[in-house]
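A short worksheet on the structure shown next.
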């Protein structure tokens, strides 16, 4: 379960020996801002994504702004095998500073590397089965059918069915959704996606099924500039014709990555700003943290840790010791001074209040040089 995390520990601990590109951890932060009555964009929520050196999303933090600081509300962890396949996910929530497990999923693959099954379990004094997704592919290797089951009285019952099809003549792909009722599959809705010659999405149309008839419900229309870059996405609802409802406006940085997405409502015949999402990209190179002439490493154990970990203090003189623990983005979690006389004694650090992630340790005895370490904290 913890294969990826242990791999990260090994890579980080060998930072001075490995090429930089094998040690990069990318941090993507998306901040969600809402506009108050005076038109000012205020901090609201944000998500922080951690990618390993192989480009896999391993940790997601969802945080809320309480007026003065960011508070983690939810976490998602992903574990990958040597084939870069995500085989397990874990969901956690934070309530009043306490981390609780909420759900986990197990993912299976076929020999072609396609997902065949996802089993999700929820937590209530122990894990219990909740949903199951079963994927079926056609002879060409394309997804054909997806069955979703719900666990009831220790057995799996049909819930929904998705049927995937493609029409090459009009460049559309359709997903038909049915629900199961008393032994019969009944049409519920369908989504029709239209593409251009370069396979860019032009429109996504959703229709609902009622009284043997398919009726338009809503659609997304995609707008591109002359270079083929997405600039707008329009959400429209059907009411005796298509009516504007929501617009998303995209801006990009110099590297072509999404910089911001502006969410607008159509009110009183004009677009009104509501929420703006801003994306900040950070790439952490482990060598840039540890390569400081004359500094030494300290030992951290157990590593990875859950409830607590120890910092093995080097043999030093009896001086006050300064300890600082930061996350990978540089935010300080622990900043503390210890009295003299702890030389040679491991420091026990309570990790129960530290969110899941990778953290860096700086230890400075008196006026001497810094000692460095690293710890990976896992969920309980």
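The values are calculated or read from the model by the stated rules, or taken from the named source; none is laboratory data. Quick caveat, the model's predicted, so the values are computed rather than measured. Here the Cβ positions follow ideal geometry from the backbone for every residue, glycine too, while neighbour counts run over all protein chains shown.
Kindly list the number of the only condition in (1) outside any strand (DSSP E or B); (2) touching a residue at least 12 places away in the same chain (Cβ under 8 Å); (3) closer than 26 Å to residue 187 by Cα that fails for residue 83.
So residue 83 meets the others, but not (3).
Regarding residue 93, is this residue within 15 Å of the chain's Cα centre (by Cα), surrounded by fewer than 17 Cβ atoms within 10 Å (Cβ to Cβ) and assigned to a strand (DSSP E or B)?
Working: within 15 Å of the chain's Cα centre (by Cα): yes; surrounded by fewer than 17 Cβ atoms within 10 Å (Cβ to Cβ): yes; assigned to a strand (DSSP E or B): yes.
So residue 93 passes the test.
Give the number of residues within segment 159-177 that are farther than 19 Å from residue 138 by Cα and without any contact (Cβ under 8 Å) to a residue 24 or more places away in the chain.
Number satisfying all stated conditions: 1.
Among the residues that make up segment 123-132, is at least one of them touching a strand residue (DSSP E or B) at 6+ places or on another chain (Cβ under 7 Å) and in contact (Cβ under 8 Å) with a residue 60 or more places away in the chain?
Within segment 123-132 (the criterion being touching a strand residue (DSSP E or B) at 6+ places or on another chain (Cβ under 7 Å) and in contact (Cβ under 8 Å) with a residue 60 or more places away in the chain), the answer is no, since none of the residues qualifies.
Tally up the residues in segment 180-201 that are within 29 Å of the chain's Cα centre (by Cα) and not in a loop (DSSP other than H, G, I, E, B), please.
8
Does residue 149 satisfy the condition of being over 20 Å from the mean Cα position of the chain (by Cα), in a strand (DSSP E or B) and either surrounded by fewer than 13 Cβ atoms within 10 Å (Cβ to Cβ) or assigned by TED's automatic domain parsing to the domain that holds residue 355 (or both)?
No.
Tell me, yes or no, whether segment 291-300 has at least one residue that is at pLDDT 70 or above and surrounded by 14 or more Cβ atoms within 10 Å (Cβ to Cβ).
For segment 291-300, residues at pLDDT 70 or above and surrounded by 14 or more Cβ atoms within 10 Å (Cβ to Cβ): present.
Take residue 325 and tell me if it is at pLDDT 70 or above, crowded, with 20+ Cβ neighbours inside 10 Å, under 22 Å from residue 70 (Cβ atoms) and touching a helix residue (DSSP H, G or I) at 6+ places or on another chain (Cβ under 9 Å).
no
Taking the stated definitions as given, is residue 236 surrounded by 15 or more Cβ atoms within 10 Å (Cβ to Cβ), without any contact (Cβ under 8 Å) to a residue 24 or more places away in the chain and closer than 22 Å to residue 198 by Cα?
no
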